[in-house]
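Working notes, structure below.
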Amino acid sequence: MLPPEVNDQSAIEAILTINANQTTYMTQIAPAIVKRNEGSDSLGRYYTKTDIGGLLIDQMAGLSPNRVLDLGAGAGTLSRAALQRWKNIELLTVDVDTAARTHLRKLFKSTHGVKHSHIHADALSDRLPKLISARANSIDAAVCNPPFIIPKWRKGFAQIVEDAGFSGCLPVLSEVDAALLFLAQNLRLMSANATLGIIVPDSLISASKYRLFRQELLQRYAIRKAIRLPRHSFQGTDAQAYILVISKDSAATQQIPLQKFDVGSDMSSELLVDVDAAIDRLDFDYHAHRGKTRSSKKSHITLGSIALDIKRGSLTSSETRAFNFPVFHTTDMPVDLAGEWCDLRQFGKSQYHASTDRHIVCAEPGDILLARVGRNLEHKVLGVASGYPVLTDCVYRIRVPEKAQQKILKQLISSDGQAWLASRCYGVSAKQLSKADLLTFPVSV
């Protein structure tokens, strides 16, 4: 997964390092190559726990593959889990790291009866199909845990996404997740009717920029399962990830089974959603709470229909540091103040700044403030009792008619309101809430 200008083998070995399940980039060179998601470690890595690898293979029950591909095999966690379920398969692993090649050959050489073949190659090379076909004439199943990074785009990626049928639905090419490229590469390598089990970040499942991608994916392939994983499925981070089981089958499914796995409570029951709804999100929590709201006997309107204005603050962290007085940020919204009307005069006593600098967004008494980003943003909501706080761009200012202020605040911090907000959040690490989603918050009347 290196750009064309990095060719020297010693440079490759200096850049690449192995982790539990994936190949990733060293930080000395990575800043020029990839943009890391927040929440990963200093090397841009997420470490998969062994039980999650086993869970992925368990979700592919019912298959009897002859040949299984592990693309970006790393230390072989998924390969080992595959061998425990399918005893007599031929296993084909691919990884660019020479350390991975040595490790995997030793690992499976000592495992009795395993037919293992390894290809030392870039997992995202557009020439990989030729290398695969030289070793195997068919791929019946594939398992994959790609890195959660955004690689620097290169020309060969276009062939990968085109062959998988995604070339017309991608956002800005420089912002495409590596997980999408790994997914597309697996699909182009697999034989007809083969099945892929892959771990993907929340961005592919929930982000609006990938809505067209989800539409194309659901039209072209059969999504057998989409499972929301616990946030601590990866060691050292609370990255949000999902398991997708995808069949390369021309008969796409009309309903998509969604589930949620929680440590301690195991797997939820299946929630079937129509394809049109799944295009919005493939997230169990989102659709579970959406169905709960629809089934409620209460009459609802949307927050967007009653709000006078919903606006996010404007100051970035660097701009905030330039001010000589406190600026209101999400860190100024302790959970124990949720639902309270607060004195915020220390963040701005008058409307002076709003009147002199249109770039600055201030709140005023009667406004409701809600965190836009953060791991527990659904718990960070309060009202302005006094003061005209200047807001950072991580805070929403919600302005509603005076007679509705207390009602809206109460509903936002209710257990149902917080669950609704949490179900609409997205993000691999720190969660985000879009204005488009906030506008649809259901207000009971």
Practice item. Taking the options R154, R188, R127, name whichever one is of a type in the set (K, R) and touching a Pro at 6+ places or on another chain (Cβ under 6 Å). Key: R154
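Considering the stretch 103-128 alone, what residues qualify as being aliphatic (A, V, I, L, M), in a loop (DSSP other than H, G, I, E, B) and buried (at least 18 other Cβ atoms within 10 Å of the Cβ)?
So the first thing to find is which residues in the stretch 103-128 are aliphatic (A, V, I, L, M), and the list is 104, 107, 114, 119, 121, 123-124, 128.
Now drop any that are not in a loop (DSSP other than H, G, I, E, B), which leaves 114, 121, 123-124.
If the condition is that a residue be aliphatic (A, V, I, L, M), in a loop (DSSP other than H, G, I, E, B) and buried (at least 18 other Cβ atoms within 10 Å of the Cβ), then A123, L124 are the ones that fit.
Evaluate the following for L63: is it open to solvent by 20 Å² or more (accessible area, probe 1.4 Å), hydrophobic (A, V, I, L, M, F, W, C), part of a loop (DSSP other than H, G, I, E, B) and at pLDDT 85 or above?
On the way: open to solvent by 20 Å² or more (accessible area, probe 1.4 Å): yes; hydrophobic (A, V, I, L, M, F, W, C): yes; part of a loop (DSSP other than H, G, I, E, B): yes; at pLDDT 85 or above: yes.
In short, yes.
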**Study point:** Pick from the stretch 74-85, criterion in contact (Cβ under 8 Å) with a residue 40 or more places away in the chain and in a loop (DSSP other than H, G, I, E, B), ranking: farthest from N137 (Cα to Cα)
**Key:** A75
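Taking G304 as the residue in question, decide whether it is at pLDDT 80 or above, in a helix (DSSP H, G or I) and closer than 30 Å to L272 by Cα.
Working: at pLDDT 80 or above: yes; in a helix (DSSP H, G or I): yes; closer than 30 Å to L272 by Cα: yes.
Yes; evaluated as a whole, the condition is true for this residue.
Tell me the residue from L131, L180, L170 that is in a helix (DSSP H, G or I), of a type in the set (A, V, I, L, M, F, W, C) and open to solvent by 10 Å² or more (accessible area, probe 1.4 Å), please.
On the way: L180 fails: open to solvent by 10 Å² or more (accessible area, probe 1.4 Å); L170 fails: in a helix (DSSP H, G or I).
Criteria check complete, one pass: L131.
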Exercise for review: State all residues of the stretch 390-445 that are of a type in the set (D, E, K, R) and within 23 Å of the chain's Cα centre (by Cα); if no residue qualifies, say none.
Suggested key: D393, R424, K431, K435, D437
Review point. Does the stretch 280-291 contain any residue that is within 30 Å of Y221 (Cα to Cα), modelled with pLDDT under 90 and open to solvent by 80 Å² or more (accessible area, probe 1.4 Å)?
Key: no
Exercise for review: Scan (1) touching a residue at least 60 places away in the same chain (Cβ under 8 Å); (2) under 27 Å from the mean Cα position of the chain (by Cα) for the single condition A136 breaks and write down its number.
Suggested key: (2)
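Could we say that V94 is assigned to a strand (DSSP E or B) and touching a residue at least 40 places away in the same chain (Cβ under 8 Å) here?
Values: assigned to a strand (DSSP E or B): yes; touching a residue at least 40 places away in the same chain (Cβ under 8 Å): no.
No.
Matching residues to (1) within 30 Å of R228 (Cα to Cα); (2) in contact with a Gly (Cβ under 9 Å, 6 or more places away or on another chain); (3) touching a residue at least 24 places away in the same chain (Cβ under 8 Å); (4) of a type in the set (S, T, Y):
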residue: I368; (1), (2), (3), (4): no, yes, yes, no
residue: A371; (1), (2), (3), (4): yes, no, yes, no
residue: K380; (1), (2), (3), (4): yes, yes, yes, no
residue: V395; (1), (2), (3), (4): yes, yes, yes, no
residue: A404; (1), (2), (3), (4): no, no, yes, no
residue: Q411; (1), (2), (3), (4): yes, yes, yes, no
Practice item. Scan the stretch 205-243 for residues that are open to solvent by less than 10 Å² (accessible area, probe 1.4 Å) and free of Cβ contacts under 8 Å to residues at least 60 places away in the same chain and jot them down. Key: Y210, F213, L217, A222, I223, A226, Y242
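With respect to I150, is the statement that it is under 30 Å from V263 (Cβ atoms), buried (at least 17 other Cβ atoms within 10 Å of the Cβ), touching a strand residue (DSSP E or B) at 6+ places or on another chain (Cβ under 6 Å) and modelled with pLDDT under 95 true?
Working: under 30 Å from V263 (Cβ atoms): yes; buried (at least 17 other Cβ atoms within 10 Å of the Cβ): yes; touching a strand residue (DSSP E or B) at 6+ places or on another chain (Cβ under 6 Å): yes; modelled with pLDDT under 95: yes.
Yes, satisfied.
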Check your understanding: Can you pull out the strands (runs of 3 or more DSSP E) entirely within the stretch 349-432 that have at least 2 residues that are more than 17 Å from S314 (Cβ to Cβ) and open to solvent by 20 Å² or more (accessible area, probe 1.4 Å)?
Key -> 381-386
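Can you go through I119, I149, I139 and tell me which one is over 14 Å from L69 (Cα atoms) and aliphatic (A, V, I, L, M)? Don't jump to the end; show me each part of the working.
On the way: I119 fails: over 14 Å from L69 (Cα atoms); I139 fails: over 14 Å from L69 (Cα atoms).
Exactly one residue qualifies, and that residue is I149.
The values are calculated or read from the model by the stated rules, or taken from the named source; none is laboratory data. Please read these numbers as outputs of a predicted model, since none were measured by experiment. Neighbour counts run over all protein chains shown; Cβ positions are idealised from the backbone, glycine included. Just so you know, the surface numbers come from the protein's heavy atoms only, side chains and all, with ligands and any DNA or RNA stripped out. Shrake-Rupley method; radii C 1.70, N 1.55, O 1.52, S 1.80 Å.
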